[in-house]
1. Counting only heavy atoms of the protein chains, get the accessible area per residue of the stretch 294-407 (1.4 Å probe) and round it to a whole Å² value.
2. Could you point to the label whose value was computed as volume of the Cα convex hull per residue in Å³ for the structure here, given (1) 191; (2) 220; (3) 176?
3. Listed here are the pairs Lys261/Lys291; Lys138/Lys485; Lys302/Lys542; Lys542/Lys722; Lys792/Lys816; which of them are more than 24 Å apart at the Cα?
4. Which ³J(HN,Hα) values, rounded to whole Hz and listed in residue order, are derived for the stretch 386-396 from phi using the Karplus coefficients 6.51, -1.76 and 1.60 in 6.51 cos²θ - 1.76 cosθ + 1.60 with θ = phi - 60°, glycine and proline given as x?
5. Evaluate the charge dipole of the chain about its Cα centre and quote only its size in Debye, nearest 20, assuming +1 on the Cβ of each Lys and Arg and -1 on the Cβ of each Asp and Glu.
6. Divide by every residue of the chain the summed helix terms, -39500 (n - 2.57) for each DSSP H run of at least 4, and state the resulting mean residue ellipticity at 222 nm, rounded to the nearest 500 deg cm²/dmol.
7. Using a 1.4 Å probe and counting only protein heavy atoms, arrange Glu117, Glu64 so the residue with the most accessible area comes first.
8. Can you work out ³J(HN,Hα) from phi for every residue in the stretch 452-469, in order, using Karplus 6.51 cos²θ - 1.76 cosθ + 1.60 and θ = phi - 60°, giving whole Hz and x for Gly and Pro?
Amino acid sequence: MDCDRSKEILATYRLQLGPDLTFDRVCELLPYFRRLGISHMYLSPCLKAAAGSMHGYDVVDPSEVDPKLGGQEGFDRLCQVSAAFGIGLVLDIVPNHMAVAGRQNPWWWDVLTKGIESRYSGFFDILWDHPDLSVNGKILLPVLGDTFKHCLESRQIQIRRNGQELYLAYFEHEFPISTQSRADFLQADGGVSASDASIASINADPERLNRFLDGQHYRLAYWRQANQNLNYRRFFDIHQLAGMCVEKEDVFTATHELVLKWVNEGLIEGLRIDHPDGLRDPALYLEQLRKSAPHAWIVVEKILEPGETLVPDWPVDGTTGYDFLNRVNGLFVNAEGERCLTDFYGEFTGQETDYQEVVHAKKQRVLERLFSSELTYLEALLENILRQWPGFGTFRPGDCRRILSEVIACFPVYRTYIRPGTGTVGSEDRAVIRRSIASAMRRQPDIPTSAWRLIMDLLRLRQFGRIESEFIFRFQQLTGPVMAKGVEDTTFYCFNRLISLNEVGGNPGEFGTSPDTFHAFCRDIQSQWPQTMLTTATHDTKRGEDTRLKIDLLSEIPKQWIDAVRHWSRMNAHFRSNGFPDTNLEYLMYQTLVGAWPIESDRLVPVMLKSAKEAKMNTSWTDPSPIYESALKTFVKKVMGHAAFTVDLSAFLEPLAWPAVVTSLSQTLIKCTAPGVPDIYQGTELWDRNLVDPDNRRPVDFDRRRQLLAELDELSVAEILKRHAEGLPKLFLMKNVLSTRRHYSKAFGTEGAYRPLYAQGMCADHLVAFMRGGQVVTLAPRLVVSLNSDWKNTTIELPAGHWKNVLSGDYFGGGKRKLSQMLAPFPVALLVREGVIP
């Protein structure tokens, strides 16, 4: 049967499935989720993933349910039990890539065995005719821990036999023998089965083994060559994840058959599409998906940079909510603290304080270090194109690479969505190209203007053919990974002015969101994407939602914060070793402690190590510095064991404890009542002090949450607030708001109007207020440190009617009302107009 879109998606709850959270465990928890007010469980990928996967994004077989989660039988039980509780299912799917985990992926194994003759050779985005002759017609496999010559001569690469099967082994890695090589080997060995003696003879002779390896459809290589000569598209810079050609009908069918079967049977009602920007033609893919799942709720993990909008003709319901996350977080950042914090950041760390300059430098760095193979291929395509154009004689050797590097580094968004096949270039894409090239020209003034004009014409489809189309598609598939790795996975760990702004889809160069800006954003969402997802925490966020908000509070007390950091740095100076760690990372650590306190060393140390590696300044994943990392670990442990410091830190944080509670309640209320579908990341119905992955994937204590939820009905509002350290106010708020959403579903639905409301008085700017559907009013304080729980003479005009605060039970008539009175029983308010049919 078709999925019934009339069953509204009121609120989703994201679960990270894994060994500790299988399908059967989710079945046990469904009564809790139903009582909390969740309408749909939002599941991480559940198709068969690589062995040891902790997240499911490394799928090896899309035709099978992951047995680690309970397999098909477990999935069927979950569908039955969730339907019995009236809870729908939303599934996260991964169309862009698959894990190439040896024989675990039968398609990849077949390609390695048969090469371009494999029926699956077109499934993966492989450049079989790569200009590098060493990999032309083969697949480069960068899996060796040393040079190929060393591994060969030290006999680390060997032929193995298992019964009738011959294969190559390199430590735990296994690779198939080509059909022709196996036939030649058996013929030379004089039988139908290879003898152990013949195998041993070849294994003992590096020259013979090398000739044998030449007959394979792949070339084993040192892992560092992945960024230089790789000839298959990856997910970002992860060579273990190979890009798929999902735009091809047979690939789409093979990778989506099982999921679409579930959708069409009504078992799955919504789909979350991972990384659509990696696809060759995202619009084509989404059109195929919508045609195959016409009634499904579909949201895309699309990172929208400030000022960027979701492509209007994509047949989806919206994004996964990073745009909302950064807008709502900005409400709790005091713009008046920007100058002070910027000046101190530069003084304390000696780092560049111009965010855009940092972004440009880091994008240039990752482009050359991580994506050199992709850039080299683009350079070759560009040179071939431009040789046919008038004016190519003005180009000097290396100009094509310089132009490409500069334009990509200046790109202000993840990618454009030009469709050469249809000749489509949208107005927003034209503006992005014009802006990028103008910025690049200013940075490279010695390149002739005529050269830039040629690039502009190429990217805007002034004329094109097959090779031009290929260039544009590849260019668009490269700008996104460079943005992701250069900004989110490098700059966000280097530019540490206020790290709560360093969030996926965010722009740390923007300091705060005004209520008017937020209202304009919400009106746009309601009019264009009323069923988009609203999130404040995900498996990919750098910090938990409450960790982030606690750090936001520092923008309200910049002078106190600066004094504290100076004092702490002097206090902990003797724990440093030869200047390690650097003050930039030390500054990040103090902010991390503010957001996540109390935290144990065994959580903080790996987070700080990851931050240092991602920053790529003193150590990195590919070029680790044992000396620096050892000094960093020692520093963190000694600081955490320094009683005088931890006592002083606790004293500094004590006045922020209640403002952090109020700020969290405000954000939660706004998320659950703004236009769109609120999503709750697992466990965040209580305080979310998580840090970056894998910290935010730790098992959630659902038993404790069930216990607390059961207690709520027996507690007064005052008793709930008194137990705020346990997270009870947040749980209480979420339960009541989600119940209100269900009861007043039309007010929160696609037709429910969004109307900003404004306070009057001395503290008017400390309130975010709006009305939904003429029936429900949200009152949420902001910048509460400086508010200091004193609303003074501030009032708000309620529309005519009889209003009930569902959080306190108080009643109010229409007209001017004092906020000090309305928000006295509970820090935020949700009012419903009684006597109106929901």
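1. Values: 4250 Å² over 114 residues.
I get 37 Å² per residue for the stretch 294-407.
2. Of the labelled values, this structure produces (3).
3. Over 24 Å Cα-Cα: Lys138/Lys485; Lys542/Lys722.
4. 6, 4, 8, 9, x, x, 5, x, 7, 7, 9
5. Details: 94 positive and 104 negative charges, 235 e Å.
So the dipole magnitude of the chain works out to roughly 1120 debye.
6. -13500 deg cm²/dmol
7. Largest accessible area first, the residues go Glu117, Glu64.
8. Karplus values, whole Hz, x for Gly and Pro: 5, 5, 5, 5, 4, 5, 5, 5, 9, 6, 4, 7, 7, x, 5, 5, 5, 4.
The values are calculated or read from the model by the stated rules, or taken from the named source; none is laboratory data. Remember, predicted model here, so these are calculated numbers, not experimental data. Here the Cβ is made from the backbone with ideal geometry for all residues, glycine too, and neighbour counts use every protein chain on show. What goes into the accessible areas is simple: the full protein's heavy atoms, side chains included, and nothing from ligands, DNA or RNA. Shrake-Rupley method; radii C 1.70, N 1.55, O 1.52, S 1.80 Å.
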